[in-house]
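Just so you know, all these numbers are worked out from the coordinates, no wet-lab data involved. The structure displayed is predicted, hence computed values, not measured ones. For neighbour counting, all protein chains shown are included, and Cβ atoms are generated from backbone atoms with ideal geometry for every residue, glycine included.
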Amino acid sequence: MKNPIVIKHAQGAPGLRFLGMGAFFKPSQGIQKLLTLLKNNTSWASTRNEKDIKTMLRKSSVIVSIWNHNQMIGFGRATTDEIYRAVLWDVVVDKRYQNKGLGKKIVKTILQSHEISKVEKVYIMTTNCKTFYSNLGFKIVKNQNLMLLENI
């Protein structure tokens, strides 16, 4: 991998959603490549489908993907009110490309975006990557509790 291409998509990622745009603004079956990336490199995305991925993208404030030629090798997104709160979601790097700084690049690109850069608090929920996020400045908050209501 020489120089991976980092794309900060427009809000809602219309090029990715409608045309499957990837690196070099070429149609490249981007939605299918995103589904493959998520399913092959996470334990939590096995039930995602194309229709729901398109809705997820449409409702996201900041979307970043990383490409090696025509292959999506990294992805992350955030939602925000652009003032008080933002949440990072779905940060994933292909296992074959991990430990090369790509995850850090995704998170930093999201955090530096104009939609997120002035937000008071940025949240991330993680199961296995506490050290990764701690190294980026995130702190474990012990006086708050994660609460979950599952509608499925």
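Taking Cα pairs under 8 Å and at least six residues apart, what relative contact order does segment 22-104 come out at, in percent?
Relative CO of segment 22-104 lands at 26 percent.
Hey, what angle do you get for helix 102-112 against the long axis of the chain, alpha-carbon based, 0 to 90 degrees rounded to 10?
Approximately 70 degrees, to the nearest ten.
If you fit an axis through the alpha-carbon atoms of helix 30-41 and take the longest principal axis of the Cα set of the chain, what angle between them do you get, 0 to 90°, nearest 10?
With both axes taken from Cα atoms, the answer is about 50 degrees.
Can you list the HN-Hα couplings for segment 83-89, worked out from phi with the Karplus curve (6.51, -1.76, 1.60; θ = phi - 60°), rounded to whole Hz and with x for Gly and Pro?
Each residue of segment 83-89 in turn: 10, 9, 9, 8, 10, 7, 9 Hz.
Please give the peptides 117-129, 7-19 ranked by average Cβ packing (other Cβ atoms within 10 Å per residue), highest first, as a rough proxy for protection.
Ranked from most to least packed, the peptides come out as 7-19, 117-129.
What is the spin-label model distance, in nm, from residue 43 to residue 85 if the labels are put 7 Å beyond Cα along the C-beta direction?
2.7 nm
Under a Cβ-Cβ cut-off of 13 Å, what is the net charge of the residues other than residue 11 that fall near it, where Lys and Arg count +1 and Asp and Glu count -1?
Net local charge, residue 11 excluded: +3.
When all alpha-carbon pairs of segment 40-151 are counted, what percent fall beyond 21 Å?
Here the tail beyond 21 Å accounts for 39 percent of pairs.
Counting each DSSP H run of 4 or more residues in the chain as -39500 (n - 2.57), what helix-only mean residue ellipticity at 222 nm follows after dividing by all residues, to the nearest 500 deg cm²/dmol? Mind showing how you got there, number by number?
Details: 5 runs with 44 residues, N = 152.
For the chain, the value works out to -8000 deg cm²/dmol.
Considering the Cα trace of segment 94-152, what is its radius of gyration and what is Dmax, both in angstroms?
13.8, 37
Could you work out the local net charge near residue 52, counting Lys and Arg as +1, Asp and Glu as -1, over the other residues with Cβ closer than 11 Å to its Cβ?
Charge balance near residue 52 sits at +4.
Give me the extension gain from residue 136 to residue 118: residue separation times 0.36 nm, minus the current Cα-Cα distance, reported in nm with one decimal.
Details: separation 18, 0.36 × 18 = 6.48 nm, distance 1.69 nm.
Length gained, residue 136 through residue 118: 4.8 nm.
Given an 8 Å cut-off on Cα distances and at least 6 residues of separation, report the relative contact order of the chain as a percent. Please report the intermediate quantities before stating the final value.
On the way: 232 pairs, mean separation 30.4, N = 152.
Worked out over the chain, it gives 20 percent.
If each of residue 6 and residue 51 carries a label point 7 Å out from its Cα toward its Cβ, how far apart are those two points in nm?
A separation of 3.6 nm, rounded to one decimal place.
Amide H to amide H under 5 Å from residue 82: which residues, 5+ apart in sequence or cross-chain, H placed 1.01 Å off N in plane?
For residue 82, no residues qualify.
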